Amino acid sequence: MQLKTYKKYLVKNFIFILAEVTVVFFVLIFILNLLEEINFFKSTNEGFYYPIILTLLNAPSTLYDIFPFIFLIATQFFFLKMTEKNEVSIFKNFGIPNFQILSLLVITSFVLSLLINTVFYNLSSNLKYTYLNLKNNFSNDNKYLAFINDNGLWIKDEINNKIHIISSAKLVDDTLFKVQITQFNSNFELVKTIYAEKANIKKKTWKITDASISGYDNTYQIKKELNFETNFNSIKLNSYFGNLQSLSFFELLDAKKNYNNLGYSTEQIETQLQKIYTYPFYLTIMTLFSCIIMFNIKQNKPKIFHLIIGIMLSVIIYYINLFSNVLGQSLDLSNKFSSIVPLIIIGLFCGVGLVTINEK
């Protein structure tokens, strides 16, 4: 069924304004991130090329995070444009109520949010992964890394001219279980291999219990307690798995499975997955929220007034989200509940506003 002419007109204008606001925010993100990357490279001789490339790779993931506020502000500017042409009154005179305009924008937002959540998110996560890998080449951390797969936790570490390949079957709090450490010299020649049932990694000097040490010359010894110097502790190790924006949706599901097998907490992954699940509804309700605000504000207000209102609402909603996350962690609430609390709060406000929307 083809859209009526007025519907095509409204959808086209809304998408165009949304694209304009998105470009403006992308430029702002690019400028701010570029300054940060330039500061990162100021001590190197790499020139201006890498800061620009890294900024372009990192900007989409930041843009994804602020799309809810882009939808809110874009909806405001859409209504401002309609107000300038007195189109709301014209549509009403032709028998098109406010609720019908609102419904059209909400449906359009939901369709666009699905595209953003599938196509754009996976694209931005791939670019973020490339960004992290590329930046790691210029970081002091490029001599060591950590990752999780089906076989457990793996760490590559370089310290005191020694290369260590570390594997562990399970991580619980500050303790690694079933640890194997293979040590090489700078020429990657085997020095020794250490086996242990567990190691406390609270500090960068690990406390290994009941270590069995096999030397390259077939020597063998057992130490009840062994101090082992590394670049890692439990806090740093956790930080390596904290940036989940570089994982696509299916990679997050795989990571959750691997984390469960390892005994590693999946709380952060579940929070990220829940964010993806609720994201289309979040973008849609921001459009609905903005529509109701605009229908309830007098049309003779200047643009700067609406812009200030948009920024203030964005800040308020941001802190509602932040408060909900903190509340969920402090009260041990489920990730699902804490993630939908902001949607419920905004939804209740929208429900009240919808009652009299056609009277505005």
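The values are calculated or read from the model by the stated rules, or taken from the named source; none is laboratory data. Model, not experiment: these values are computed from the prediction. Note that we place each Cβ from the backbone using ideal geometry, even for glycine, and neighbour counts take in every protein chain shown.
Tally up the residues in region 100-120 that are over 18 Å from I285 (Cβ atoms) and either out of contact with any helix residue (DSSP H, G or I) (no Cβ under 9 Å at 6 or more places or on another chain) or crowded, with 21+ Cβ neighbours inside 10 Å (or both), please.
Residues meeting the conditions: 1.
Mind listing whichever residues of region 71-99 are crowded, with 16+ Cβ neighbours inside 10 Å and of a type outside the set (F, W, Y)?
L72, I73, A74, T75, Q76, L80, M82, T83, E87, V88, I96, N98
Check every one of the strands (runs of 3 or more DSSP E) wholly within region 146-224 and list those with 1 or more residues that are in contact with a helix residue (DSSP H, G or I) (Cβ under 6 Å, 6 or more places away or on another chain) and within 23 Å of T266 (Cβ to Cβ).
152-159, 162-172
Among the candidates I29, I70, single out the residue that is in the same structural domain as Y121 (by TED's automatic domain parsing), hydrophobic (A, V, I, L, M, F, W, C) and free of Cβ contacts under 8 Å to residues at least 40 places away in the same chain.
I29
When region 178-189 is examined, which residues are found to be in contact with a strand residue (DSSP E or B) (Cβ under 6 Å, 6 or more places away or on another chain) and free of Cβ contacts under 8 Å to residues at least 40 places away in the same chain?
If the condition is that a residue be in contact with a strand residue (DSSP E or B) (Cβ under 6 Å, 6 or more places away or on another chain) and free of Cβ contacts under 8 Å to residues at least 40 places away in the same chain, then K178, V179, Q180, T182, Q183, F184, N185 are the ones that fit.
Applying the selection to region 154-175, what residues are modelled with pLDDT under 85, surrounded by 19 or more Cβ atoms within 10 Å (Cβ to Cβ) and of a type in the set (A, V, I, L, M)?
I155, L171
Mind listing just one residue for me: the one in region 230-257 that is assigned to a loop (DSSP other than H, G, I, E, B) and either at pLDDT below 80 or under 17 Å from the mean Cα position of the chain (by Cα) (or both) and, of those, farthest from T205 (Cα to Cα)?
S248
Would you confirm whether or not region 272-294 contains a residue that is part of a helix (DSSP H, G or I) and modelled with pLDDT under 80?
Scanning region 272-294, I find no residue that is part of a helix (DSSP H, G or I) and modelled with pLDDT under 80, so the answer is no.
Is at least one residue of region 37-49 surrounded by fewer than 18 Cβ atoms within 10 Å (Cβ to Cβ), in a helix (DSSP H, G or I), modelled with pLDDT under 90 and among the β-branched types (V, I, T)?
yes
What are the pairs with Cβ atoms under 7 angstrom where one residue, in region 106-118, is within 21 Å of F250 (Cα to Cα) and β-branched (V, I, T) and the other, located anywhere, is in a helix (DSSP H, G or I) and modelled with pLDDT of 95 or more? Sequence gap at least six, or different chains.
Close Cβ pairs (under 7 Å, with a partner that is in a helix (DSSP H, G or I) and modelled with pLDDT of 95 or more) do not exist here.
From the list F14, F48, pick out the single residue that is touching a residue at least 12 places away in the same chain (Cβ under 8 Å) and either out of contact with any strand residue (DSSP E or B) (no Cβ under 6 Å at 6 or more places or on another chain) or closer than 20 Å to V315 by Cβ (or both).
That would be F14, the only listed residue that is touching a residue at least 12 places away in the same chain (Cβ under 8 Å) and either out of contact with any strand residue (DSSP E or B) (no Cβ under 6 Å at 6 or more places or on another chain) or closer than 20 Å to V315 by Cβ (or both).
For L3, indicate whether it is at pLDDT below 95 and surrounded by 17 or more Cβ atoms within 10 Å (Cβ to Cβ).
For L3, the condition - at pLDDT below 95 and surrounded by 17 or more Cβ atoms within 10 Å (Cβ to Cβ) - is not met.
Taking the stated definitions as given, is N227 assigned to a loop (DSSP other than H, G, I, E, B) and loosely packed, with under 15 Cβ neighbours inside 10 Å?
So N227 fails the test.
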